[in-house]
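Q: Sharing a structure with you now.
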Amino acid sequence: MQKVVHLLIVCFFAVASLQAQRALDTIDTEVGKIVLYSNKTWSFLQVSTFDGIMNPRIHQEMLAQDPSFKHPWSNDVCFTSRNDMSKLKDTIWLCVNNESDQNFNMPAPGIVTSRYGPRNGRNHNGIDIDLETGDTVYAAWSGKVRYAKYNDGGFGNLVIIRHPNGLETLYAHLSKFLVYPDQDIVAGEPIGLGGNTGHSYGSHLHFEVRFYDVPMNPEEVIDFEAKAIKNENLFVHKGLFRPGAKPSDYYEDHPTEVIQAPVVVRTPQVRYYKVRPGDTLTEIAARNGTTVSHLCQLNGIKPTSVLQVGRSIRVK
Ligand SMILES: [Zn+2]
């Protein structure tokens with residue numbers, strides 16, 4: 001009996017330690033310790049020491065421009081900092097493709113339906129690509145998933161990937177996620193399925209390119225017709241960002257996707273009545289469910305006007 005109890009205790013500790021291990025496995029990577037969880041929540045992978053800086057050279061150059069530039073890491077907010085690009089004094093050179101990696105891949109193959117720039121009195125901070133709900137959306141470049149969850153500021157199901165060169169790409173209105181936060185991703189990997197979630201009227205991909213949290217025209221980097229990058233090099237300077245834009249302009253989470261519903265013009269119901277012998281305005285008004293003053297208003301006449309037989313007067 002004692003042996004059985006002993007065995008049970010051993011089994012209990014073995015199972016308990018296995019479960020504890022399953023919940024707290026760690027992997028050492030270049031960016032720090034990654035804690036692995038076995039549950040199915042979005043905190044599947046949690047990087048304990050990663051601070052968001054994927055390229056120290058570029059970050060140092062940014063700090064040399066202005067010490068206020070920040071590039072922290074967050075899985076919860078769409079913008080992690082309020083960088084003011086007018087503080088860029090020099091031009092910073094970025095490699096668009098990373099030599100050690102897969103190169104650029106189109107996020108979706110469809111046609112561009114709306115470009116970056118002013119739209120409906122606000123700025124459209126990205127580019128819209130046509131797709132069908134369920135079509136695969138791909139990572140444009142390799143990087144690390146910073147954000148993958150529903151965004152109630154208008155983006156709907158949203159994935160943001162941070163790339164080693166300081167750029168971030170943003171994929172909005174998805175119908176399904178195929179990635180989770182903190183996941184490392186290779187260019188061309190499926191990251192979600194296209195959809196119509198959030199402020200979107202019709203399935204499409206809203207795609208943004210940001211540098212240090214500030215959106216730029218994606219066409220500065222990508223030729224959407226040739227489906228290729230424009231140049232291996234990107235020269236980042238303050239002119240690349242919307243001139244005169246205050247940092248605060250960017251931080252309302254994307255309320256720009258609302259397309260005005262078509263205005264339905266109702267044709268007023270018009271009806272005429274042909275005056276018969278003996279008719280009076282009072283009788284005509286009563287017969288047509290209106291008033292004498294309304295008839296006078298519609299026809300530009302007075303209550304005392306003589307009605308000529310055969311004349312058509314408007315009653316509605
Ligand atoms: Zn858009």
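Throughout, read-outs are computed from the coordinates displayed, never taken from laboratory work. Computed from a predicted structure; not experimentally measured. With ideal geometry, Cβ positions are generated from the backbone for all residues, glycine too; neighbour counts draw on all protein chains shown.
Q: Expressed in nm to one decimal, what extension gain is obtained for the pair GLU232 and ILE111 from 0.36 nm per residue of sequence separation less their Cα-Cα distance?
A: Result for the pair: 41.3 nm of gain on full extension.
Q: Multiply the residue separation of HIS294 and LYS149 by 0.36 nm, subtract the distance between their alpha-carbon atoms, and state the gained length in nm to one decimal.
A: Computed gain between HIS294 and LYS149 is 46.3 nm.
Q: Show me the ranking of peptides 66-74, 175-183 by mean Cβ neighbours inside 10 Å, starting with the highest.
A: 175-183, 66-74
Q: Find how much the distance from GLU225 to ASP279 grows on full extension, using 0.36 nm per residue of separation minus their present alpha carbon separation; answer in nm with one decimal.
A: Taking GLU225 through ASP279 to full extension adds about 12.2 nm, to one decimal.
Q: Also, I was wondering about something else. Sticking with the crude label model, points 7 Å out along Cα→Cβ, report the distance from LYS176 to GLN60 in nm, one decimal please.
A: 4.5 nm
Q: Still on this structure: Let me check the size of the stretch 56-250 from its C-alpha atoms; what are the radius of gyration and Dmax in Å?
A: Rg and Dmax of the stretch 56-250, Cα atoms, are 15.6, 45 Å.
Q: Let me ask another. Roughly how big is the stretch 56-250's charge dipole about its Cα centre, with Cβ charges of +1 (Lys, Arg) and -1 (Asp, Glu), in debye to the nearest 20?
A: 580 debye
Q: Here is a further query. Let me check I have the definition right: for the stretch 272-314, take the eigenvalues of the Cα gyration tensor, multiply each by 5, take square roots. What are those semi-axes in whole Å, largest first?
A: Working from the Cα gyration tensor, I get semi-axes of 14, 11, 10 Å.
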